[in-house]
Every structure is written in C-alpha cells, then in structure tokens.
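Colleague: First the structure, then my questions, so here it is.
The values are calculated or read from the model by the stated rules, or taken from the named source; none is laboratory data. Only a predicted model underlies this, so the values are computations on that prediction, with no experimental measurement involved. Backbone-built Cβ (ideal geometry, glycine too); neighbour counts: all protein chains shown. For the accessible areas, the whole protein counts, side chains as well, though only heavy atoms, and no ligand, DNA or RNA atoms are used. Shrake-Rupley method; radii C 1.70, N 1.55, O 1.52, S 1.80 Å.
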Amino acid sequence: MAQTAAWTALRAAATQDSARSIRSLFDDEPERLDRLTVEAAGLTLDLSKQPWSLGGLSAALDLARDARLDLARDRLFAGEIVNVTELRPALHIALRAPDGADCRANGEPVSAGIEAVRLAMEDFSAQVRSGQTGGVTGRPFRSIIHIGIGGSDLGPRLVWEALRPLQPEIELRFAANIDGAELAAAVTGLDPEETLVIIVSKTFRTQETLANGIAAKAWLEASLGPGKADSHLVAVTANPEEALRFGIAADRTFAFREWVGGRYSVWSAVGLSCVIGLGWPVFRDFLAGAAALDAHFCGAPLERNAPVLLALAHLYNRNGLDRPVRAVVPYARRLSLFAAYLQQLEMESNGKRVSAGGAVLERASATSVFGDAGTNGQHAFFQLLHQGTDVIPVDFVVMAQDHEGPPSHRDMLLANAIAQAEALMVGRVNLDEPHRHFPGNRPSSFILLPRLSPETLGALLALYEHKTFVEGVIWDLDSFDQWGVELGKVLAREVLAELKGADSKGHDPSTSRLIARLRDPVAGEQGATSPDRDPRL
Ligand code: F6P
C-alpha cells in the first residue's frame with residue numbers, strides 16, 4: 001500500500017536525521033533556511049530548527065500527498081461531510097468568508113444566513129456600546145459576563161485577553177468552571193443594573209453552563225427583582241429551542257449552526273461578547289485575518305503551505321521520532337491563554353485512538369500540548385526543555401512590533417525568545433561539569449507576527465486550526481467529533497445523584513469510598529435558587 005510505504009519512508013528518514021544535529025543541517029543544506037521559512041497571511045514561520053533534513057521534509061510531503069490532503073482540503077471547504085461520525089460538515093471557514101461568498105454545507109447555501117447573523121451582531125453591539133440598549137432600569141451596560149465552557153469559552157477568552165484595551169468601556173468577565181468560585185469572582189464588584197449576561201452553549205445542555213446561567217440569572221434577579229432579568233440575558237446557541245426552554249426568547253438569541261464545532265466556533269456568534277467589548281470593526285478584521293490564512297491554505301503549494309508544513313514538522317517529531325509532548329510558548333502576555341486554547345483545539349480534535357472508519361490506529365496521534373507565556377515559562381518548565389530526559393519540541397510565537405511598555409522591555413522579550421530557541425538547538429558542551437552541560441539538538445518552530453492585531457490573531461488561530469486538520473487527515477481520523485468526553489459526563493450525573501442520596505449504582509472500591517466520604521448530608525437542604533435543584537440539570 002502506498003500509504004504504508006510513505007510511513008515507512010518517513011520513519012526511515014527521521015531515523016537517519018536523528019543521527020545528525022539540527023545545527024549541522026544548516027551547513028550541509030545551504031538552502032535550508034529559505035526552504036523552511038514561509039510567509040502566510042502576514043505571519044512568518046521558520047521551521048528550520050526542526051529535526052528534519054530536506055530529505056526528511058520531502059518524505060513528510062510525500063506522506064501528505066499520499067493521504068490525498070488536497071482532496072480532503074477541498075472537501076472541507078466545499079462543506080462536504082467531513083465529520084463522519086456525526087454526519088456533518090465542519091464549515092467554520094464559512095463564518096469568516098468575505099461578504100458575498102457562496103459557501104454550502106452539504107449542498108445547502110449558508111453564506112446569506114451567516115451574513116445576517118454578522119449584521120445582527122454588529123447592530124446589537126453598536127446599540128450596547130452606544131448605550132441605546134441598556135438594562136431594565138435604563139442604565140447602559142458597563143460589563144458583560146460571558147458564560148460558557150470549552151469551545152464556548154476558550155476562544156472568546158483568548159481573543160479578549162489578546163485584544164482588549166487596558167481600560168475598556170465595557171468590561172468582559174468569563175465564567176466557565178462549575179466551581180462556584182468562578183462565577184463568584186466574575187460577579188464581584190459588578191452592578192447587576194449595568195451587567196449583561198451572555199450564555200453561550202452550542203447545545204444549551206452543558207451542565208456547567210446551565211448551572212452558571214441559572215446562578216447568574218438569580219444574581220441579577222436578586223437585585224433587579226423577580227422576572228426582571230430578561231433584558232440582561234442573551235443566548236448564543238445552535239439549539240434555540242433549549243435556550244427558549246431556559247427562558248431566553250428568540251429575539252434575544254444569536255444562533256449558529258450545528259456544523260460549527262465548539263472548538264472552531266469563535267468566528268461565529270460565540271464571539272458576540274468580544275464584538276461588544278471590542279467593537280465590530282475589530283472582530284471584522286479578526287475574521288479577515290483568518291480568511292487570509294484560509295486563502296493561503298487553499299492556494300499555496302504544499303511545500304510552501306504554512307499549516308501543512310507546521311503539521312508535518314509536528315508529525316515528524318510525533319511519528320518519526322516518538323515525541324509525545326509539545327510545548328507552546330508565546331512571548332506575549334496577551335497570548336498567555338494560547339496553550340489552553342490549543343489544548344482543546346488539538347487534543348479534542350485529534351486525541352483519538354481509532355480511525356474515521358473505526359479501526360484501531362496503527363500509529364500515535366495527537367501530542368499533549370502545554371505551555372505558558374515567555375518569559376514566565378523560562379523560570380518554570382524550561383529547565384526540563386533544556387536538560388530533561390525527554391526531547392520536547394517547542395513552538396515559539398513572537399510579535400515583532402507594537403509592544404506595550406518601554407522599548408527596552410520589547411528588546412529583552414525578543415532577545416529571550418530568540419536566545420531560547422538558539423540555546424535549545426545548539427546547546428553548550430561542558431564535559432567537565434555534567435550539570436552545566438546542555439545537549440542541544442532540541443527542535444523548535446518560530447512563528448513571527450508583525451504585531452498582535454485582530455488580523456494576525458485571526459491568522460494565527462486559523463493556522464493552528466488547519467494544521468490540526470492536516471494532521472487529522474494524515475492520521476486518518478475524525479478531527480471534528482469528541483466522543484471521548486461523554487463517558488465522564490454520564491458518570492458525573494450518576495455520582496451527583498448518589499452524592500445527593502440516591503442508591504449506589506455500584507462502583508469500584510476507591511470510587512465508592514470517595515462518594516461515601518464526600519456525600520454531603522445537607523445537600524438536600526440547599527436554597528431554592530441552587531442550580532443543583534434545577535430539573536433541567
Ligand atoms: O464536553 C466537550 C464539549 O462538548 C466541547 O466540545 C464543547 O466546546 C464544550 O463541551 C461546550 O459545549 P457547549 O457549547 O454545547 O456548551
């Protein structure tokens with residue numbers, strides 16, 4: 001089988017390359033830096049510090065060709081059913097396509113509907129920002145509590161942190177976790193009369209989000225009066241019927257479609273809080289940045305295609321060299337949530353052990369991703385990156401210009417990023433003092449943004465979305481389902497019932513003892529507003 005031969009060739013190339021140092025490849029391959037540096041939608045990717053030789057790169061490209069990546073990409077953009085276990089397209093690219101596009105989801109035209117929702121978001125945000133639309137007492141909204149979890153949280157939270165003004169006119173707070181401490185922190189100091197609560201859930205059935213939504217509504221009503229919170233509540237969902245059942249009317253609901261995956265949904269009405277907080281033009285530019293990357297992904301040849309090359313570099317480490325972990329270090333405080341965002345994007349998309357067709361995979365799939373902003377990470381986990389027993393490839397994300405604060409801070413930040421990538425690769429020999437010996441030969445990618453703007457942020461997120469897609473195609477799995485999250489949800493419902501006094505369904509001894517120990521004898525006496533008592537949960 002051609003595909004198997006391509007895998008064998010990749011493995012052989014990687015084994016050969018592992019006998020050479022990355023540094024030496026620059027001497028042996030004069031065109032290496034140019035061949036492994038690509039531009040895409042304003043971003044620059046330098047993949048020359050990755051462990052592949054140009055021969056290894058060519059083996060990786062063959063693998064992509066053999067997987068018929070071109071056809072898979074065409075199917076994605078054509079809105080064909082690529083999420084085969086849920087029988088859905090994955091058409092997030094339609095959400096950021098320019099006005100007038102003609103995107104189709106499984107044959108159905110969807111662009112007009114998307115543009116109508118964009119217009120509604122633009123109108124509503126303008127009304128809220130101008131104070132024309134305010135709360136029940138007529139006061140303008142000064143703060144938004146965005147309630148949602150997973151894909152209904154991580155993208156908007158990242159966008160807000162990345163682009164928020166230092167002193168915003170409208171403050172955004174986020175509540176995802178069912179830990180009551182999260183909502184308590186979100187509401188602290190806010191005036192209910194000036195607070196808009198946006199409940200974001202694709203399904204509108206997620207336990208944490210409904211519980212936090214109910215508690216937030218109770219917080220509003222405690223101050224505004226019973227039944228007086230309606231004008232302070234907005235829903236964003238692909239399931240408006242459930243939102244209605246929750247008590248949010250259709251004219252206060254912004255919809256998106258079921259073919260938008262949660263972790264790919266920031267481009268949809270899920271971004272509404274950011275649209276209000278940042279203003280429509282910022283969000284429009286964010287969409288445009290992603291659309292520019294989409295155009296690059298569709299148009300650039302494989303060997304100059306940024307998401308393809310980034311995927312192949314990661315895959316070379318994963319499948320060629322058995323490296324199961326990757327670090328992501330943005331040298332930008334404003335991107336400190338990037339690793340958390342990528343954890344869902346990559347690990348929920350590709351953390352699979354069976355193929356799209358259900359066969360057990362013959363090869364390893366997604367890497368574990370972790371990280372934090374540089375330089376903070378340098379003073380925490382970089383010790384292991386430099387001298388640990390495992391080789392952990394790093395993605396550096398760096399902005400060239402427009403840094404906040406004194407120029408000297410910018411220079412120090414950039415110097416640290418560049419130096420760390422160099423240190424990881426070249427190391428430093430010290431045979432006399434083993435503790436001071438740096439083995440080097442540790443790979444990294446360097447992703448350079450001219451500045452952190454709505455456009456570059458959009459392009460950066462789209463870059464990783466498509467690189468995740470490329471990996472999924474090559475691993476032959478369904479990147480758009482997430483069955484692995486279901487079992488825990490089911491068991492949590494059972495355990496919850498038992499914590500509240502229901503008979504045990506029978507568990508292993510450890511679980512049984514934990515339930516017995518944590519069963520709260522006063523749980524049944526909680527107040528009527530407790531989310532636990534709501535029949536919808
Ligand atoms: O449990 C995982 C998950 O389904 C994610 O895929 C999703 O982003 C998140 O929960 C939230 O789901 P929803 O938007 O339906 O509340």
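Colleague: For G388, indicate whether it is more than 24 Å from the chain's Cα centre (by Cα), of a type outside the set (K, R), crowded, with 18+ Cβ neighbours inside 10 Å and within 26 Å of T15 (Cα to Cα).
Modeller: Spelling it out, it is not the case that G388 is more than 24 Å from the chain's Cα centre (by Cα), of a type outside the set (K, R), crowded, with 18+ Cβ neighbours inside 10 Å and within 26 Å of T15 (Cα to Cα).
Colleague: State whether one or more residues within the stretch 189-197 are in contact (Cβ under 8 Å) with a residue 40 or more places away in the chain, of a type in the set (D, E), crowded, with 22+ Cβ neighbours inside 10 Å and at negative phi.
Modeller: Pass one, the stretch 189-197, residues in contact (Cβ under 8 Å) with a residue 40 or more places away in the chain: 190-197.
Filter once more, keeping what is of a type in the set (D, E): 191, 193-194.
When the remaining residues are screened for being crowded, with 22+ Cβ neighbours inside 10 Å, the result is none.
No, every residue in the stretch 189-197 fails to be in contact (Cβ under 8 Å) with a residue 40 or more places away in the chain, of a type in the set (D, E), crowded, with 22+ Cβ neighbours inside 10 Å and at negative phi.
Colleague: Let me ask something else. How many of the residues in the stretch 347-362 are among the hydrophobic types (A, V, I, L, M, F, W, C) and part of a loop (DSSP other than H, G, I, E, B)?
Modeller: Summing the residues that are among the hydrophobic types (A, V, I, L, M, F, W, C) and part of a loop (DSSP other than H, G, I, E, B) in the stretch 347-362 gives 3.
Colleague: Then there is this: Among the residues of the stretch 470-495, how many are in a helix (DSSP H, G or I) and away from the ligand (no atom under 16 Å from the Cβ)?
Modeller: Residues meeting the conditions: 7.
Colleague: Against the definition (more than 14 Å from the ligand (Cβ to nearest atom) and assigned to a helix (DSSP H, G or I)), how does L312 come out, yes or no? Full working, then the answer.
Modeller: Values: more than 14 Å from the ligand (Cβ to nearest atom): yes; assigned to a helix (DSSP H, G or I): yes.
The answer is yes for L312.
Colleague: Which of the residues spanning the stretch 2-42 are in a helix (DSSP H, G or I) and among the acidic types (D, E)? Steps first, answer last, please.
Modeller: Let us first name the residues in the stretch 2-42 that are in a helix (DSSP H, G or I), namely 2-17, 22-28, 32-35.
Correct list: D17, D27, D28, D34.
Colleague: Filter the stretch 143-178 for residues that are within 16 Å of the ligand (Cβ to nearest atom) and in a loop (DSSP other than H, G, I, E, B) and give the result.
Modeller: Applying the first criterion (within 16 Å of the ligand (Cβ to nearest atom)) to the stretch 143-178 yields 145-159, 174-178.
Answer for the stretch 143-178, where residues must be within 16 Å of the ligand (Cβ to nearest atom) and in a loop (DSSP other than H, G, I, E, B): G148, I149, D153, A176, N177, I178.
Colleague: Please specify each residue of the stretch 391-440 satisfying the condition of being open to solvent by 50 Å² or more (accessible area, probe 1.4 Å) and on the phi > 0 side of the Ramachandran plot.
Modeller: D402, G405, listed by residue number.
Colleague: If you don't mind, another one. Cβ-Cβ below 6 Å, separation at least six or inter-chain, first residue in the stretch 480-505 and within 16 Å of Q344 (Cβ to Cβ), second of a type in the set (S, T, N, Q) and within 13 Å of the ligand (Cβ to nearest atom): which pairs?
Modeller: As it stands, the answer is F480/N83; D481/N83, since those pairs meet every condition given.
Colleague: From (1) hydrophobic (A, V, I, L, M, F, W, C); (2) open to solvent by less than 10 Å² (accessible area, probe 1.4 Å); (3) within 16 Å of the ligand (Cβ to nearest atom), pick out the condition that doesn't hold for F297.
Modeller: (3)
Colleague: Next question, about the same structure. Can you confirm whether P531 is at pLDDT below 95 and within 16 Å of the ligand (Cβ to nearest atom)?
Modeller: So P531 passes the test.
Colleague: I'd like the full set of residues that are open to solvent by less than 30 Å² (accessible area, probe 1.4 Å), more than 30 Å from R75 (Cβ to Cβ) and in contact with a strand residue (DSSP E or B) (Cβ under 9 Å, 6 or more places away or on another chain), limited to the stretch 107-132.
Modeller: Within the stretch 107-132, F124, V128, G131 qualify.
Colleague: Just the residues that are within 16 Å of the ligand (Cβ to nearest atom) and open to solvent by 40 Å² or more (accessible area, probe 1.4 Å), please, taken from the stretch 198-235.
Modeller: Across the stretch 198-235, the qualifying residues are K202, T203, R205, Q207, E208.
Colleague: Identify all residues within the stretch 363-385 that are part of a loop (DSSP other than H, G, I, E, B) and either surrounded by 14 or more Cβ atoms within 10 Å (Cβ to Cβ) or in contact (Cβ under 8 Å) with a residue 60 or more places away in the chain (or both); write none if there are none.
Modeller: Of everything in the stretch 363-385, those that are part of a loop (DSSP other than H, G, I, E, B) and either surrounded by 14 or more Cβ atoms within 10 Å (Cβ to Cβ) or in contact (Cβ under 8 Å) with a residue 60 or more places away in the chain (or both) turn out to be R363, A364, S365, A366, T367, G371, D372, A373, G374, T375, F381.
Colleague: Residues that are away from the ligand (no atom under 16 Å from the Cβ), assigned to a helix (DSSP H, G or I) and either under 30 Å from S48 (Cα atoms) or modelled with pLDDT under 95 (or both): does the stretch 321-329 have at least one?
Modeller: no
Colleague: What are the pairs with Cβ atoms under 8 angstrom where one residue, in the stretch 151-162, is farther than 18 Å from A186 by Cα and the other, located anywhere, is within 12 Å of the ligand (Cβ to nearest atom) and of a type outside the set (F, W, Y)? Sequence gap at least six, or different chains.
Modeller: Going by the 8 Å Cβ cut-off, the qualifying pairs are G151/K202; G151/G261; G151/G262; G151/R263; G151/S265; G151/V266; G151/V270; G151/Q344.
Colleague: With the requirement that a residue be under 21 Å from I114 (Cα atoms), among the charged types (D, E, K, R) and open to solvent by less than 60 Å² (accessible area, probe 1.4 Å), what does the stretch 72-96 give you?
Modeller: The answer is R96, and nothing else.
Colleague: Something else about it: Where residues in the stretch 330-366 are more than 16 Å from the ligand (Cβ to nearest atom) and among the hydroxyl-bearing types (S, T, Y), which of them is nearest to L36 (Cα to Cα)?
Modeller: Y331
Colleague: Consider the stretch 179-203. How many of its residues are assigned to a strand (DSSP E or B) and under 22 Å from the mean Cα position of the chain (by Cα)? Even if it seems obvious, please write down each step before you answer.
Modeller: So in the stretch 179-203, the residues assigned to a strand (DSSP E or B) come out as 195-200.
After this cut, where a residue has to be under 22 Å from the mean Cα position of the chain (by Cα) as well, the list is 198-200.
Number satisfying all stated conditions: 3.
Colleague: Of the residues A243, A250, A290, only one is touching a Leu at 6+ places or on another chain (Cβ under 9 Å) and crowded, with 22+ Cβ neighbours inside 10 Å; which?
Modeller: None of the other options fit; the residue is A290.
Colleague: Out of (1) free of Cβ contacts under 8 Å to residues at least 12 places away in the same chain; (2) within 16 Å of the ligand (Cβ to nearest atom), what's the single condition that is false for N239?
Modeller: Only one criterion in (1) free of Cβ contacts under 8 Å to residues at least 12 places away in the same chain; (2) within 16 Å of the ligand (Cβ to nearest atom) is unmet by N239, namely (1).
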